[in-house]
Amino acid sequence: MPCGHAHHQPGYPELNFAAQPKWIKSINSGRLDQFVGGAFASINLSSALVKHRTDDIKHVKLEVWSAPGRTKPDFAEAVKQTFKPAKKGDSFGPSWTNHWFRVTLNVPKAWANEERVQFEFNPNCEAMIWTKEGLPLQGITGGDGGDHRWDYILDAKARSGEHIIYIESSCNGMFGIDGINPPSDNRYYWLNSADIVVPNTAAVALMRDFQTLKEIRTHITAEVHLSHHAQWVANEIMNVWQRGGGANALLSQEELGKLIEQCRKLAEEIFGEGWREQGEKVYEGKEWQVWGIGHCHIDTAWLWPYSVTQQKVARSWSTQVDLMERYPEHRFAASSAQQYKWLEQLYPPLFEKVKRKIISGQFHTIGGQWLESDVNMPSGEALCRQFLYGQRYFESRFGARNVTSWLPDSFGYTGSLPQILRLSGMKYFFTQKLSWNNINKFPHTTFNWVGIDGSQVLVHMTPVDTYTAQATVEDVRKGITSHKNLEVTNQSLLVFGNGDGGGGPLEAMLENLRRTRAVANKYREVPLVKMGNTVEEFFEKLEDQTCEGKTLPNWHGEMYFEFHRGTYTSHGSIKKGNRKSEILLHDVEYVATLASLFATKHAYTYPKNKIDPLWEDVLLNQFHDVLPGSAIGMVYDDAERIYAKVAKNGSQLLEEAVQALFRQSVPINPTAPFTHSSSGKGKIIAINTLGKPRREVVEINVSGKGAEALKSQTVQISKNGEKGYVLVDVADGVIGEVKGMFAHVRPASAHKLPNGDFVLENSNVKMVFSKGRIISLYDIELQRELIPKGLTGGLIYFNDQPGYWDAWDVENHHLEAPHPVAFEEMVITENGPIRAQLATTVKIGKSTVDLTISLDAIPGSLKADARSSFRFDARVDWHQRHEILKFEIPLDIHCPNANFEMQFGYVGRPTHRNTTWEAAKFEVCGHKYADLSEFGYGVALLTESKYGYCADGQYVRISFLRGSTSPDAEQDQGEHAFSWAVYPHVGSLAGADVPGVSREFNYPLHLRYIPDGVSLSSVSHLVREVPFTIEEAPNVIIDTVKRGEDDKFDSHHTGPTTIVLRLYEAYGGHATAKLRISSLVPVSKAHITNILEDELSVVELSRAPSTGLGKGEDTILEIPFRGFQIVTVKLTLDVGLLSSGSSESGSPTREGWVKVARGSV
């Protein structure tokens, strides 16, 4: 440390008469805040930051064209328009509108040779600068926040003569309009700045030096020398500034420059002599601890709609490309194939610029997904498609796949994900979201995450606890001080850059990191920072340090997020759109695959080019702020339109595939009148897309001019004559036919007891309603009551008043004030023989729930001891605010865990609250079922569009609707229709095939009317057999049947014909499954593949006598499974032997069926 005297004699002086006090650090520390900005801005360093500024019209000419409404014209359209004069201080709006500026710049000649000249544009909102040729240059973030970015650097060419640029200004901020509050539609923004500015680059650099010194003093442990020395240096810089006349603002530019250089030389006490000349190579030591990677988290929709995200991507990424030119060490990672595709479609020149940076290794693709989706609620197949579509896009555009999954902001992580990642070519996983847990602190930073099947991925959960680090000294320090696994590895990832609303790293962040790295040349108290590498290289280092993960701790199963539990329920219509779309696309692919195999030769082409866009739409709406229900209302307007398009186009594709197989068949809509006129009886068939036998009662509409043909085949017709019920049996094949009723089956009935109670019962189960509540769920065969005495079930609502995150959270205290709701005005609407039904209405405040409760005569599955389920169909007109509607049922079943379906399996969660880890799971995510079982018996709740559940002691609950008011003021308001069922069963979840029953509850039978004279002979094999079946492994499910990704679907049908089947073990145990393929599907070879359909291993083919109509032999594949394992099989067909149907005719017959007259046994 220099002594601070101008002259001193060598050696230690003999005499000393100075009054030299101890340095009072607390006072001097406060003084450091006075050097930049604040009350002394006119005399401190801030007064020297700008050399010149002008907004004179001779130098800055502004013209503007405002796009009509909320349109978003492209560059070519915008520049054709008529522009009018504009000026600073003008306001632009309203919210979400776009305004194009034409800016003509003439830099004063005296400034042309300055070190830096920039155009400063602050519209107080977001904007993007374009060249006059139409190339996006960089983004602008307006306003005065810490994320602001106003400056556009003018190069030498732009400083000489007239320079024209265009600026697209969009009336929204980084975080939408009003943050997480519902956005105002009438927000205006003022143009605060449009100036040519010459900054004093030396003064700006000193300001950054000083800021880093302050951060070192504040965030480095006070016990170490560096912290105190940094404070002394910063204080001395202020002294030199003041002694040198910097505070009187009378210095010439030359004198000011010398003074600033004096101050900067002082800073070298900390940063090291000559550090500035080293630039990006300021620290290149062989040791490091913190890896810096730039990132710009752009929510694909959140507080802004999809269309605004498209602009955010272009703004943010163009800015990062610009920074890469100036900071060679800068590496930037961006995920989400969807965002790249938008860039490719909407901003082609910028896409090519980004592509060049990807090739050079500065811009890194990451994540491997279509986008950063929610991973709780999408189906297993949808998650597979996230990676299939994402990885194939990245490979097709940039020549490489990703190996790191990147989900820093999703709300919890399913235990199925590690296996899906490994099957998608990924072994690394990055997140940080669990640092937000509001009850328990997650115990690890770097660890092995082991999924429900045993697959593992290497996880790093950054100890910096954010994906939007500001690259401060504190951020760097946390990379070590908050690291929870330092006993094994001292490496951490610093993910820095403004995010959520885009932006990414700022110049100031990269400058600060250079200074932080420079400190390492003299000191080791600041963690050593490495720049210029990839995230994959970071993980490779972890692998090496931890003996390929062997020395790391393991975390098994789901990574449950102890926060944002309300997202399983918010925006119920979006949850329904997701589930129904997933199922529709499953059915389209299944039937289209069959049609491509068995329709008349060349009469049908598998419509992959039409299916893919629908999948992309569904995957888009699975973004982690859309599907969870935590976005603004505009986003849900878009999402509903997308789901409507998927429903329309998907249904059309399904109809085309069905028509290819069953020409002249007529769809039977369960709700619309049947208007097809036919002179004969015809017959009803049902298409089963699950590939397994099933038997169901199906409601059809028997009104309309053609309904007589349907009525003759019903077993039961409603009193008003509009609804009919048919009994469909799919015994062997894909196609089922309408049957009569078993003679020995006791009809279902509904009746009212003398005491006013209502009863639904059949031969095996009974439910009793008293005073509007369920008081009894009774197994008749076992004579067992399942509802504890004194308790009741039914609808219930709770006050739902979370803290800050309204749409996101439901907190545990909501359970402390229950409001049970009684069914009102209960009436009998159907009374057998195959369906009994009650109807009721419930009033809750301003809301109405119309409910039907049904019981069918037949059991829920074909198992010998199966029971029937009680189905609840609700139509709700919901107008409650901050209340959550649920269904609950108490059960006389004791088990410490309930099981909830997840992707490709299930997860057990506690029914007790012994520890805080268990208490945190008061609201959990599940898919099609939740099951509470003890030895010998259980009860499952089945849903077709809901995801929020609770297992609380004896109670199991489903959450239906909420009424949050932020960020969407109208969340869940209006009409909803949804269904659920109570399914009692003998034995365990596995023994009763609850997964199979829940699939049947969700996947509808598609009913068709076949007029007389229309032959089914060409597809009779589909009546007798299923082309793909599983034998000797009831725990293995065929989840998906589709055509191969690499098949060619041109008019010549060139290339291989492949079928891809995705199977999984559903119960959690081993199996050796035999996959039987019909002789009508001539398999020449078979491979096990990953999700990306890369061939991993050959499967041996064996043959067996055909079980169907085929005259040849079926193909048998023997496939081993471990618990919850996913297996993808690719079958290559011998097209020359492929049959387009069977010449045999006839329909299957079954003994033991009789036709029963309507309304009688």
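The values are calculated or read from the model by the stated rules, or taken from the named source; none is laboratory data. Just so it is clear, the structure is predicted and the values come from calculations on it, not from any experiment. Here Cβ is always computed from backbone atoms with ideal geometry, including for glycine, and neighbour counts include all displayed protein chains. Each accessible area value is taken on the protein alone, full model and side chains, heavy atoms only, with ligands, DNA and RNA left out. Shrake-Rupley method; radii C 1.70, N 1.55, O 1.52, S 1.80 Å.
At a glance:
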item: Qualifying residue in the range 297-314 (condition: open to solvent by 10 Å² or more (accessible area, probe 1.4 Å), farther than 24 Å from D612 by Cβ and basic (K, R)); result: no
item: Tally of residues being over 29 Å from the mean Cα position of the chain (by Cα) and open to solvent by 40 Å² or more (accessible area, probe 1.4 Å) across the range 524-540; result: 3
item: Selection status of M767, crowded, with 18+ Cβ neighbours inside 10 Å and at pLDDT below 95; result: no
item: Filtered residue count, the range 95-113, keeping only those that are open to solvent by less than 40 Å² (accessible area, probe 1.4 Å) and either aromatic (F, W, Y) or in a loop (DSSP other than H, G, I, E, B) (or both); result: 9
item: Criterion violated by H882 - all others in (1) farther than 15 Å from K946 by Cα; (2) surrounded by 16 or more Cβ atoms within 10 Å (Cβ to Cβ); (3) in contact with an Asp or Glu (Cβ under 7 Å, 6 or more places away or on another chain) satisfied; result: (2)
item: Residue in the range 993-1008 that is open to solvent by less than 10 Å² (accessible area, probe 1.4 Å), touching a Leu at 6+ places or on another chain (Cβ under 8 Å) and among the acidic types (D, E) present; result: no
item: Some residue of the range 802-811 being touching a Pro at 6+ places or on another chain (Cβ under 9 Å) and open to solvent by 10 Å² or more (accessible area, probe 1.4 Å); result: yes
item: Members of the range 555-609 found to be open to solvent by 10 Å² or more (accessible area, probe 1.4 Å), among the acidic types (D, E) and out of contact with any strand residue (DSSP E or B) (no Cβ under 8 Å at 6 or more places or on another chain), listed by number; result: E582
item: Subset of the range 253-267 [touching a residue at least 60 places away in the same chain (Cβ under 8 Å) and either surrounded by fewer than 22 Cβ atoms within 10 Å (Cβ to Cβ) or in contact with a strand residue (DSSP E or B) (Cβ under 7 Å, 6 or more places away or on another chain) (or both)]; result: Q253, L256, R264
item: Residue match in the range 467-480 (condition: in a helix (DSSP H, G or I), farther than 21 Å from H624 by Cβ and within 22 Å of the chain's Cα centre (by Cα)); result: no
item: Only listed residue being farther than 30 Å from R1062 by Cβ and part of a strand (DSSP E or B), chosen from H744, H751; result: H751
item: Test set (1) among the aliphatic types (A, V, I, L, M); (2) in a helix (DSSP H, G or I); (3) open to solvent by 20 Å² or more (accessible area, probe 1.4 Å) - I270 fails condition number; result: (3)
item: Selection within the range 275-292 - under 36 Å from the mean Cα position of the chain (by Cα), open to solvent by 30 Å² or more (accessible area, probe 1.4 Å) and at pLDDT 95 or above; result: Q289
item: Which numbered condition I1038 fails, given (1) over 30 Å from I668 (Cα atoms); (2) at pLDDT 95 or above; (3) surrounded by fewer than 21 Cβ atoms within 10 Å (Cβ to Cβ); (4) out of contact with any His (no Cβ under 9 Å at 6 or more places or on another chain); result: (1)
item: Breaking point among (1) free of Cβ contacts under 8 Å to residues at least 24 places away in the same chain; (2) in a strand (DSSP E or B), for A930; result: (1)
item: Qualifying residue in the range 1038-1048 (condition: without any contact (Cβ under 8 Å) to a residue 12 or more places away in the chain, among the charged types (D, E, K, R) and not assigned by the TED database to the domain that holds A930); result: yes
item: V282 vs. criteria out of contact with any strand residue (DSSP E or B) (no Cβ under 8 Å at 6 or more places or on another chain) and either closer than 30 Å to N181 by Cα or not assigned by the TED database to the domain that holds W805 (or both); result: yes
item: Any hit, the range 640-654, residues being more than 30 Å from D972 (Cβ to Cβ) and either in contact (Cβ under 8 Å) with a residue 40 or more places away in the chain or assigned by the TED database to the domain that holds D993 (or both); result: yes
item: Residue that is most open to solvent (accessible area, probe 1.4 Å) [pool: residues in the range 1117-1129 that are more than 26 Å from the chain's Cα centre (by Cα) and within 20 Å of E1095 (Cβ to Cβ)]; result: E1118
item: Any strands (runs of 3 or more DSSP E) falling wholly within the range 950-1034 and containing at least 1 residues that are touching a Gly at 6+ places or on another chain (Cβ under 8 Å), of a type in the set (A, V, I, L, M) and closer than 30 Å to W302 by Cα; result: 955-961
item: Subset of the range 38-76 (residues that are over 30 Å from G246 (Cα atoms) and outside any loop (DSSP other than H, G, I, E, B)); result: V60, K61, L62, E63, V64, W65, S66, F75, A76
item: Residue in the range 1009-1035 that is nearest to E381 (Cα to Cα), counting only those that are open to solvent by 50 Å² or more (accessible area, probe 1.4 Å) and touching a Lys or Arg at 6+ places or on another chain (Cβ under 9 Å); result: E1031
item: Of all residues making up the range 429-459, the number that are among the charged types (D, E, K, R) and either open to solvent by 10 Å² or more (accessible area, probe 1.4 Å) or not assigned by the TED database to the domain that holds V535 (or both); result: 2
item: Complete set of residues in the range 788-801 that are under 23 Å from I853 (Cβ atoms) and open to solvent by less than 10 Å² (accessible area, probe 1.4 Å); result: G793, G794, L795, I796, F798
item: Number of positions in the range 212-227 that are out of contact with any Lys or Arg (no Cβ under 7 Å at 6 or more places or on another chain) and crowded, with 16+ Cβ neighbours inside 10 Å; result: 7
item: Among (1) farther than 28 Å from K478 by Cβ; (2) at pLDDT below 95, the one test that S307 misses; result: (2)
item: Conditions (1) in contact with a helix residue (DSSP H, G or I) (Cβ under 7 Å, 6 or more places away or on another chain); (2) farther than 27 Å from S316 by Cβ; (3) not in a helix (DSSP H, G or I); number of the one not met by V488; result: (1)
item: Leading residue by the ranking (farthest from V591 (Cα to Cα)) among those in the range 603-618 that are of a type in the set (A, V, I, L, M) and in a helix (DSSP H, G or I); result: V618
